[in-house]
1. So in segment 120-164, with the set limited to residues that are among the β-branched types (Val, Ile, Thr) and more than 16 Å from LYS10 (Cβ to Cβ), which one is farthest from the ligand (Cβ to nearest atom)?
2. Return the residue satisfying two criteria in turn: it lies in segment 41-71 and is surrounded by 14 or more Cβ atoms within 10 Å (Cβ to Cβ) and more than 16 Å from the ligand (Cβ to nearest atom), and of such residues it is nearest to the chain's Cα centre (by Cα).
3. Give GLY62, GLY56, GLY45 a once-over and let me know the one that is in contact with a helix residue (DSSP H, G or I) (Cβ under 6 Å, 6 or more places away or on another chain) and not hydrophobic (A, V, I, L, M, F, W, C).
4. Applying the selection to segment 128-153, what residues are modelled with pLDDT under 90, of a type in the set (A, V, I, L, M, F, W, C) and either part of a helix (DSSP H, G or I) or within 24 Å of the chain's Cα centre (by Cα) (or both)?
5. Any residue in segment 9-37 that is under 19 Å from THR69 (Cβ atoms) and within 11 Å of the ligand (Cβ to nearest atom) sitting within a Cβ distance under 6 Å of a residue that is in a loop (DSSP other than H, G, I, E, B) and of a type in the set (Ser, Thr, Tyr)? List the pairs, counting only those 6 or more apart or interchain.
6. Which of (1) of a type in the set (S, T, N, Q); (2) at pLDDT 80 or above; (3) not in a helix (DSSP H, G or I) is the odd one out, the single condition THR95 does not satisfy?
7. Looking at segment 132-143 only, could you name the residues that are among the small types (Gly, Ala, Ser) and free of Cβ contacts under 8 Å to residues at least 24 places away in the same chain?
8. I need a count of the residues in segment 155-173 that are over 17 Å from PRO82 (Cβ atoms) and touching a residue at least 12 places away in the same chain (Cβ under 8 Å).
Amino acid sequence: MRVLVATASKHGATTDVGAAIADVLRERGHDVVHADAADLVADAGALETAGAVVLGSAVYTGQWLAAATTLRSRLLRMPDGPPVFPFSVGIRDVTLAPLDAAWLRPLRAGAPMHPPVVFGGRLRLEELSLRERSLVAIVRAREGEYTLWDDVREWAERIAARLAVDAEDADRR
Ligand SMILES: Cc1cc2nc3c(=O)[nH]c(=O)nc-3n(C[C@H](O)[C@H](O)[C@H](O)COP(=O)(O)O)c2cc1C
């Protein structure tokens, strides 16, 4: 199946999580394209040709990045659209109200929709702008690597298993 892994990232952590997911799906025999969400926003047909979409965004001050939000809205407006597997990458203690619950709700009611997951990202002060650094200093977030790669790969394996079940169901119909 053609699987689109779309990631929105400012400093690369979400891109790396998306790449790890793409690797697992490729190992499971899927035809995987991993693309930057911002590039996909400009490519109107990209979502239509996907058999499934893994959509991930970094979380900044409780929000997904704009490009991922745009793709999310487009997927919401596709009633017969592909199944969507959403994930967020963040560091939960960085803001007072991290990961606004509304953004983690399922994307689409009644359609192939999968529960969203959250993975830890990373914080490297030298990569941040002055503005980002001051925000991080205010909330006293600590530098570090928070990604649990086994969890990422396990989730990707679950996606592969789900797609296999869906394909069997489709064959039977
Ligand atoms: C200015 C700033 C604000 C952030 N806000 C949040 C947040 O609200 N919730 C959260 O879970 N993580 C937050 N983070 C942590 C980032 O999501 C984390 O560093 C992530 O790895 C960034 O992903 P990226 O490298 O793909 O851009 C914030 C980080 C920075 C620098």
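The values are calculated or read from the model by the stated rules, or taken from the named source; none is laboratory data. Worth saying up front: this structure is predicted, and the values here are computed from it rather than measured. Glycine gets a Cβ as well: all are built from the backbone with ideal geometry, and neighbour counts include every protein chain shown.
1. Among those residues, the one meeting the criterion is ILE159.
2. Filtering segment 41-71 for residues that are surrounded by 14 or more Cβ atoms within 10 Å (Cβ to Cβ) and more than 16 Å from the ligand (Cβ to nearest atom), the one nearest to the chain's Cα centre (by Cα) comes out as VAL53.
3. From the options GLY62, GLY56, GLY45, the qualifying one is GLY56.
4. Scanning segment 128-153 gives LEU135, VAL136, ALA137, ILE138, ALA141.
5. Note: pairs meeting the criteria are THR15/SER9.
6. (2)
7. Residues satisfying the conditions are SER134, ALA137.
8. Residues in segment 155-173 being over 17 Å from PRO82 (Cβ atoms) and touching a residue at least 12 places away in the same chain (Cβ under 8 Å): 2 in total.
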